[in-house]
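Read the structure below first, then the notes.
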Amino acid sequence: MTYRRRGALHLLAGALSIVIACASPAFADATTAPDATLRALAEAIEQIKAKYVGSVDDRKLAADAIRGMIQGLDPYSDYLEPDAYRELKQDNSGRFGGLGMEVGMEAGAVRIISTYEDSPAFLAGLRPGDLITRLNEASVEGMTLDQAIQRARGEPDTSIVLTVLRKGDIEPHVVTLRRAIIQSRSVKFALLDSGYGYIKITNFNQRTADAMLAALAQMGHQSGNGLTGVLLDLRDNPGGLLKSAVAVSSVFLPDDFLVVYTEAAAAESRMRLQTSENRYLHASKAEYLTQLPQLKTLPLVVLVNSGSASAAEIVAGALQDHRRATVVGTQTFGKGSVQVLLPLADGGAMKLTTAFYLTPNGQRIHGKGVTPDKVIEQSAASAAVGVKPASLESKSINAGDAACAAAGLLGPGGAALLTAMAGNSDDCQLDRAVDLLRHLPLGRAQLNSQSGQRGAGDEGCASLKAG
């Protein structure tokens, strides 16, 4: 199957280059093409070149044909023209400004998946699910995702005007953002009353697991008697490095437990990734685990929402499947596919989806997401800073749970926590998650011991980005 697909792609690429360039008399008559599908393609190109009323640029014709094929596969596969591919290969430390949000394409608009805390998008009040229809005066309809991202970027401290449509609003609203260098901390933390630790991971980068371990050690020392439990907040976390997701999972799970594996057509895209303190954690920070041996069994609650995607879903799914944590909040985004860049002869590249991520129990993340053990809806009012709702409702998979109270569960330690939460003092989901954590018995972890076997492809995870 793989050989046939590759052969068809090679034939198609060959047909495009030969027919468009008119380099081979064999394709002068489209009926001589070796396959009915390729004959139709050759006929279309012939007719365009012979009869189109305007001028036809061969390179643009080929690029549009390739783009159409790839974009028809799924929302994440794309064709990068040579200039865009060269830009992508440039050092990411170069000086460019961004808006600080993870986005995707939906119905001809740019859909916000999540925003990075303290970024221009976050501070402007943009939310997951918002649809961007215009960038300055340019409509995004007809743009590829990469084209929209490139247009949104620019020199730091320059402005861009976004036209945004929010669910429930009749008219779009216009927001002016000032681009900035995005340097958000990936880990924030606060010690609650009675030794409960709160960790918020905003994205997964190379140092996330180390920073989380340092935070846990600091809170354990600060409490005087170690930690009683941990609340891991992955809401509005767009993901990041796959290796980082495995490293974070390795903090809470024993070694050699399966974290994630892939389902793919090609053997080189298949992998099984398992926990390993020695492999994924830096030696200087791994020492913290000797000071905090209870982390493998400590009561653990993971908080997610529709903005939790990719690497965040991998962590939540692994901890849930192994019965290591109780996952609460709302259904996650469902972004669990692998894209690889494949260079092309024209200097451009294909960004092609080659695999899907599955949780240890075999649940596909892509298009489905992770379903919480307890569903807690965040009211629209509570998401608006400075607006305190009169009442908040919760939905729970387990009937009989008490309604969600907006405040009062955090205790005196709540001030530090709310500071870590960027000033949102009406966080219903957070309140309920803390309440649930406090009612979990110590040593509750009942791990699923079926961790699976390490498979071929494990060594390649260091350079992959989950998503």
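The values are calculated or read from the model by the stated rules, or taken from the named source; none is laboratory data. Note that the coordinates shown come from a computational prediction; the quantities given were computed from them, not determined experimentally. Note that we place each Cβ from the backbone using ideal geometry, even for glycine, and neighbour counts take in every protein chain shown.
Being under 16 Å from Leu242 (Cβ atoms) and surrounded by fewer than 23 Cβ atoms within 10 Å (Cβ to Cβ) is a property that Arg207 has. What are the residues in the stretch 182-204 that are more than 26 Å from Arg438 (Cβ to Cβ) and surrounded by fewer than 18 Cβ atoms within 10 Å (Cβ to Cβ), if any? Result: Gln183, Ser184, Arg185. Does Ala63 satisfy the criteria of being among the aliphatic types (A, V, I, L, M), in a helix (DSSP H, G or I) and either over 17 Å from Leu352 (Cα atoms) or at pLDDT 85 or above (or both)? Taking the combined requirement at face value, the residue satisfies it.
Would you point out which residue out of Asp373, Asp346 is at pLDDT 95 or above and surrounded by fewer than 20 Cβ atoms within 10 Å (Cβ to Cβ)?
Exactly one residue qualifies, and that residue is Asp373.
Does the stretch 172-195 contain any residue that is at positive phi, outside the structural domain of Leu131 (by TED's automatic domain parsing) and in a loop (DSSP other than H, G, I, E, B)? No, the stretch 172-195 contains no residue that is at positive phi, outside the structural domain of Leu131 (by TED's automatic domain parsing) and in a loop (DSSP other than H, G, I, E, B). Could you please let me know if Val340 is crowded, with 21+ Cβ neighbours inside 10 Å, of a type outside the set (Lys, Arg) and either in contact with a Gly (Cβ under 7 Å, 6 or more places away or on another chain) or at negative phi (or both)? Here the answer is no, as Val340 does not meet what is asked.
Considering only residues that are part of a loop (DSSP other than H, G, I, E, B) and within 24 Å of Arg279 (Cβ to Cβ), look in the stretch 215-246 and name the one that is nearest to the chain's Cα centre (by Cα). Checking each candidate, the answer is Gly239.
State whether the residues of the stretch 173-181 include one that is charged (D, E, K, R), in contact (Cβ under 8 Å) with a residue 40 or more places away in the chain and buried (at least 18 other Cβ atoms within 10 Å of the Cβ). Yes: one or more hits. Look at the stretch 120-133: where a residue is aromatic (Phe, Trp, Tyr) and a partner is in a strand (DSSP E or B), sitting 6+ places away or on another chain with Cβ atoms under 6 Å, you get Phe122/Thr115. Of all residues in the stretch 110-139, those that are in contact with a helix residue (DSSP H, G or I) (Cβ under 9 Å, 6 or more places away or on another chain), not polar (S, T, N, Q) and not in a loop (DSSP other than H, G, I, E, B) total 5. For the stretch 268-324, taking the residues that are outside any loop (DSSP other than H, G, I, E, B) and among the hydroxyl-bearing types (Ser, Thr, Tyr), the one that is surrounded by the most Cβ atoms within 10 Å (Cβ to Cβ) is identified as Tyr280.
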